[in-house]
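Heads up, the thing below is written out as structure tokens.
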């Protein structure tokens, strides 16, 4: 990657030339302004993943282990316009968010229930090299009315989940029961009604 001292006028020129401006920073480290070739950036991110560790070399500096911290996306065309990376110490634990991936066909859904998932990521603490790409939860055995919480995650790796164990990840809701009788309708439970010829009052049989 190349180092650059960015000015506002230079950012537009870089982006028009297929480059992505970025910054690299870390604890007790000077901030570096760099840029990537956009195709190279996308290729690297697809290979490493959102929480992957990248060995970044800026010109004549020594390579450093970095993680992607944030990206800015152009809402009109979906292209990356800026990226932030932070330098990690491979020997020190960090806190990161990891995607929760529900797998399997829950019995409750087969029975007509609806899956509701309010939580899509959990926070984990581990060494940078032990960050899981995603956390899978098998929901096959869950039935209507069951709730899946953080405590239900079976940890398969060298990481610790730091979210509250009672935090709800997903639940299987019972199907909605629609009333057969519409709103405002009166059901005839006592049989047919006759009208007295001599009055306007209805008389039930």
The lone exception for residue 142 - which of (1) in contact with a helix residue (DSSP H, G or I) (Cβ under 9 Å, 6 or more places away or on another chain); (2) in contact (Cβ under 8 Å) with a residue 60 or more places away in the chain it fails: (2)
Any chance the stretch 47-60 includes a residue that's assigned to a strand (DSSP E or B), in contact (Cβ under 8 Å) with a residue 40 or more places away in the chain and closer than 30 Å to residue 147 by Cα? no
In the stretch 120-172, which residues are over 17 Å from the mean Cα position of the chain (by Cα), part of a helix (DSSP H, G or I) and over 18 Å from residue 90 (Cα atoms)? 151, 152
Restricting to the stretch 62-104, and then to whatever is touching a residue at least 12 places away in the same chain (Cβ under 8 Å) and not in a strand (DSSP E or B), can you tell me which residue is nearest to residue 123 (Cα to Cα)? 93
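Each row is one residue, and each column tells you yes or no for (1) modelled with pLDDT under 95; (2) surrounded by fewer than 16 Cβ atoms within 10 Å (Cβ to Cβ).
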{"site": "79", "(1), (2)": "yes, yes"}
{"site": "83", "(1), (2)": "yes, no"}
{"site": "96", "(1), (2)": "no, no"}
{"site": "99", "(1), (2)": "no, yes"}
{"site": "104", "(1), (2)": "no, yes"}
{"site": "117", "(1), (2)": "no, yes"}
{"site": "122", "(1), (2)": "no, no"}
{"site": "130", "(1), (2)": "no, yes"}
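The values are calculated or read from the model by the stated rules, or taken from the named source; none is laboratory data. For clarity, every value in this text was computed on a predicted model and none was experimentally measured. All Cβ positions, glycine included, derive from the backbone under ideal geometry; neighbour counts span all protein chains shown.
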